[in-house]
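Everything on this sheet refers to the single structure shown next.
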Amino acid sequence: MKRLGFYLLLIVIWEAIYRLSLWPPYLFPGPLEVASSLARGLADGSLLLAVAASFRRLAVGYGLALAVGLSLGLLLARNRTADELLGPLVSGMQAIPSIAWLPLTVLWMGLSEASIITIVFLGAVWSIVVNTQAGIRNVPPLWIRAARTMGAKGSRLFTAVVLPAALPQMLSGWRLAWAFSWRSLMAGELLSPGRGLGEVLIVSRNVNDMAAVLAVIVIIGVFGSLVDNLLFQRAEEQTRRKWGLAPA
Amino acid sequence: MLRLEGITKTFASNGRRVQAISPLSLEVREGQFVSLVGPSGCGKSTLLNIIAGLDRADAGTVTLDGRPVTGPGVDRVVVFQEAALFPWLTAQKNVEFGLKMAGVPREERSVRARQFLKMVHLSRFADAYPHELSGGMRQRVAIARALAMDPRLLLMDEPFAALDAQTRALLHEEVTAIWAETRKTVIFVTHNVREAVYLSDRILVLSARPASIKQEFRIPAGRPRDLTEPGLAYIEKQIMESLRVEIDQVAQAELDSDWVHETARLLPPPDRNLGSDI
């Protein structure tokens, strides 16, 4: 309730500044204009199409990143040689903003769906690898010893003890990767054509429709934080509560 | 019957080789409660890990009922100092863990887990997660978890060292009762002599590193025991004295060279202070 009031207040302030007419309306639209632009876009389906197209890329890129990131993370955690050879490479890759790869992916794959998906993938995969590896590596040896004296070994030991023990850290890696993949998606869509939220942003700027630009930004913000709140934060909080890491 | 013959163990630490256990042999009969006491860092936990199969001896053999020990196995379950419960499982599921690994069907597993939780008086907390339990309760769950495996040998590695004195006293009674009921063979590592005297049939005093059996004491008293009884108090004092020499040796190796252990020094009572601190 308190939160709702606060955001209403923010919108009122925004409207007030708009009414002061410090900047021309085409540079600084008010909340009502943005809302009506949002409603128009949703009603004629153009924004929905864009959201669907963007979300598809996001889902494919993030899904691939999960699959590859988990297997690579497992490999690095289990195999010392792999860790020695690939470990520094992975942390180096993590430092590169994935959009920096775009010129390369455009050359290799053209201005295509695949090139944007690759950017999303590259944005998400490294933090999944790093957190999977760290999660597995940080499993307290005591738990493993205890499990071994109770007859757990090999793959049973791994699925019954190592994975659940590593889950909290792996979850935070997935969450981080989600945020990164959104950023990569937007950067990729802005720089290469094709249906999507990025395209709506570019087109709206070209026709000087700031209300539409802000409408897209609202969508991105709401959608991203909704998934973060409903999916990742909830899962994280649940494990934390179960483990007694947070006040219940 | 557990038999250890000529066990030795050396560690490499900072490039130096440290001998942790010098040739050590030991026999424990079925149903005995044996405590290992020794100065801290003497290698008693290492010895326990070797029996558990979590650690390998450099030389010598461990056999349980004639079969050589080569790795961890469900016939030798360990209760660790920190309960080592899995935080993502409830008390009930923690007790079921070993049974699940052994492939016991779901219903039987659940019945057996409940039976052992009842034995440690935690039936009401079956659905609690470890963080919702006190330290003593967690250790109870760990004991139930070990007993549920029905091991030949129960290994306990300073299981009550992290608990407060009251909880510990309660658990001592509990362990005595459980031992009387199940008649498990128990190897109990501790540095608390009182605890050892209260619980054990035999107490083995280990020497400072490298560990070997310095002296053995048998406690012929029945249970439950009253430690204020003169006979037990006398044995406790003897064990203390035997241990003291070893503890001094460790202290001399670790502390400054001018350290000496002074016994029974008479401190002047504070009301006799005649103003020397003015």
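For chain B, build the charge dipole from Cβ charges (+1 Lys, Arg; -1 Asp, Glu) around the Cα centre, then report which of B:217, B:188, B:120 sits farthest towards its positive end.
Farthest towards the positive pole: B:120.
Give me the percent relative contact order of the range A:48-134, please, defined on Cα pairs under 8 angstrom at least 6 residues apart.
The value is 49 percent.
Any idea which of B:205, A:151, B:154 is furthest toward the positive side of the dipole for the protein assembly as shown, if Lys and Arg beta-carbons carry +1 and Asp and Glu beta-carbons -1?
It is A:151, whose Cα lies furthest towards the positive end.
What does the net charge come to around residue B:104 if you take all other residues with beta carbon closer than 15 Å to its beta carbon, with K and R at +1 and D and E at -1?
+4
Take chain B, connect every pair of alpha-carbon atoms lying under 10 Å apart with a spring to form a Gaussian network, then pick out the residue of B:228, B:61, B:190 with the largest mean-square fluctuation.
Looking only at B:228, B:61, B:190, the largest GNM fluctuation is found for B:228.
Anything over 27 Å Cα to Cα? Flag those among B:44/B:184; A:153/B:118; A:242/B:100; B:118/B:237, in the order listed.
Table pairs above 27 Å Cα-Cα are A:153/B:118; B:118/B:237.
Roughly what angle does helix B:106-119 make with the longest principal axis of chain B, taking Cα atoms, 0 to 90 degrees, to the nearest 10?
30
How many percent of the alpha carbon pairs in the range A:145-215 exceed a separation of 16 Å?
Above the 16 Å cut-off, the range A:145-215 has 66 percent of its Cα pairs.
Between helix B:230-254 and chain B, what is the angle of the helix's C-alpha long axis to the longest principal axis, kept within 0 to 90° and rounded to the nearest 10?
70
Taking each full run of DSSP H in chain A as one helix, which ones are at least 30 Å long along their axis (Cα atoms) and have mean Kyte-Doolittle hydropathy of at least -1.0?
Span-like helices here: A:46-78, A:113-137, A:163-191.
Mind jotting down the three principal axis lengths of the range A:1-94 based on Cα atoms? Whole angstrom, largest first.
The Cα atoms of the range A:1-94 stretch 64, 32, 31 Å along the principal axes, largest first.
Roughly speaking, to the nearest percent, how much of the protein assembly as shown's 1.4 Å accessible area is carbon and sulfur?
On the protein assembly as shown, the fraction of accessible area on carbon and sulfur atoms equals 59 percent.
For the interface of B with A, what's the total buried accessible surface in square angstrom, probe 1.4 angstrom, rounded to the nearest hundred?
Heavy-atom accessible area buried at this interface is about 2100 Å².
Given R₀ = 60 Å, what would the calculated FRET efficiency be for residue A:96 paired with residue B:234, taking r from the Cβ atoms and rounding to 0.05?
Efficiency at R0 = 60 Å is approximately 0.20.
Could you list log10 I(q)/I(0) for the range A:34-146 at q = 0.19, 0.23 Å⁻¹, which the Debye formula gives when each Cα is one point scatterer?
These q points yield log10 I(q)/I(0) values of -0.99, -1.18.
Go ahead and set up a Gaussian network model of chain A, Cα springs under 10 Å, then flag whichever of A:220, A:11, A:96 fluctuates most.
A:11
Just A:180, A:55, A:121 to compare: in a GNM of chain A, with alpha carbon springs under 10 Å, which one fluctuates most?
Maximum among the listed residues: A:55.
Over the Cα atoms of chain A, Rg to Rh with Kirkwood Rh, two decimal places?
Here Rg/Rh amounts to 1.08.
Using the Cα atoms as the points, what is the convex hull volume per residue of the protein assembly as shown in Å³?
Here the figure is 280 Å³ per residue.
Please work out the average accessible area per residue across the protein assembly as shown, using the 1.4 Å probe convention, and give it in Å².
The answer is 52 Å² per residue.
About the Cα centre of the protein assembly as shown, what is the dipole size in debye to 20, counting +1 per Lys and Arg Cβ and -1 per Asp and Glu Cβ, all else neutral?
The calculated dipole for the protein assembly as shown is roughly 1160 debye.
Using a Förster distance of 56 Å, how high is the FRET efficiency between residue B:63 and residue A:230, based on the Cβ-Cβ distance and rounded to 0.05?
Plugging the Cβ-Cβ distance into 1/(1 + (r/R0)^6) gives 0.45.
If each residue of separation counts as 0.36 nm, what is the full-extension length gain between residue A:36 and residue A:163 once their alpha-carbon separation is subtracted?
Additional length available on full extension: 40.9 nm.
Label points 7 Å out from Cα along the Cβ direction at residue B:192 and residue B:271: separation in nm?
Those two pseudo-labels are separated by 3.5 nm.
So what are the range B:25-173's ellipsoid semi-axes, whole angstrom, largest first, if each one is the square root of 5 times an eigenvalue of the alpha-carbon gyration tensor?
Sorted largest first and rounded, they come to 27, 20, 13 Å.
Quick one: Cα convex hull volume of chain B, Å³ per residue?
Per-residue hull volume (Cα only) is 191 Å³.
The values are calculated or read from the model by the stated rules, or taken from the named source; none is laboratory data. Note that this is a predicted model, so its numbers are computed, not measured. Every residue, glycine as well, gets a Cβ built from its backbone with ideal geometry; the counts of neighbours run over all protein chains shown. Heavy atoms of the whole protein, side chains included, go into the accessibility calculation; ligands, DNA and RNA do not. Shrake-Rupley method; radii C 1.70, N 1.55, O 1.52, S 1.80 Å.
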